[in-house]
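Sharing a structure, written as structure tokens. Questions coming.
The values are calculated or read from the model by the stated rules, or taken from the named source; none is laboratory data. If you're wondering where the values come from, they're calculated on a predicted model, not measured in any experiment. Neighbour counts run over all protein chains shown; Cβ positions are idealised from the backbone, glycine included.
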Amino acid sequence: MKIITSKNEITPTIIKGIQHIFKDEYWTKTRTLEDIKHLIHYTSGFIVILKDEKVVAFGRYLTDYKFVFTIYDVIVDPEERGSGYGKYVTKHLISVAKEYNPQFIELLCLDKNIPFYKRFGFKLTDDLNVMRM
């Protein structure tokens, strides 16, 4: 297992690997290679997990480093789900967040993933709603 968290380590092969695991999620399936390059360039930080040189998991965050640290796109290759990669990605992103001690660590997730994130201490809020244009 190899962990990548530096933009300098991202290669075209890794970009293609991220695109491959993105293809199974409704919110990422249309992202092009250029979209993923853009995402990596402008995101605050990320983690990529490689197994035998193949991308098996990804997660990223956006933050202002003081008030809100938001986790996005925690995705594991469907063939590798249940192997602990999602747990590793989530723990890593929480650990990074705690280094900055933000007021809130937040994430968006599908209903089916709520029990997974509750294991890490995340709670549903009654006071926020997702709104889109």
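Exactly one condition in (1) surrounded by fewer than 17 Cβ atoms within 10 Å (Cβ to Cβ); (2) part of a helix (DSSP H, G or I) is not met by ILE3; state its number.
Only one criterion is unmet by ILE3, namely (2).
Next up: Examine segment 100-118 for a residue that is modelled with pLDDT of 95 or more, more than 15 Å from the chain's Cα centre (by Cα), farther than 26 Å from VAL130 by Cβ and not in a loop (DSSP other than H, G, I, E, B), and state whether such a residue exists.
The answer is no; no qualifying residue exists.
Pairs only if they're at least six apart or on different chains, beta carbon under 9 angstrom, first in segment 118-133 and more than 19 Å from ILE94 (Cβ to Cβ), second in a loop (DSSP other than H, G, I, E, B); list them, first residue then second.
VAL130/LEU108
Looking only at segment 60-69, decide whether some residue is touching a Phe, Trp or Tyr at 6+ places or on another chain (Cβ under 9 Å) and in contact (Cβ under 8 Å) with a residue 40 or more places away in the chain.
no
Looking at (1) touching a strand residue (DSSP E or B) at 6+ places or on another chain (Cβ under 6 Å); (2) over 30 Å from LEU128 (Cα atoms), find the lone condition where GLY86 falls short.
The one condition GLY86 does not meet is (2).
Give the residues of segment 38-56 that are hydrophobic (A, V, I, L, M, F, W, C) and either in contact with a Ser or Thr (Cβ under 9 Å, 6 or more places away or on another chain) or part of a helix (DSSP H, G or I) (or both), sorted by residue number.
Selection gives LEU39, ILE40, PHE46, ILE47, VAL48, VAL55, VAL56.
Scanning for something more than 14 Å from the chain's Cα centre (by Cα) and modelled with pLDDT under 95, does segment 37-44 turn up at least one residue?
Scanning segment 37-44 turns up no residue that is more than 14 Å from the chain's Cα centre (by Cα) and modelled with pLDDT under 95.
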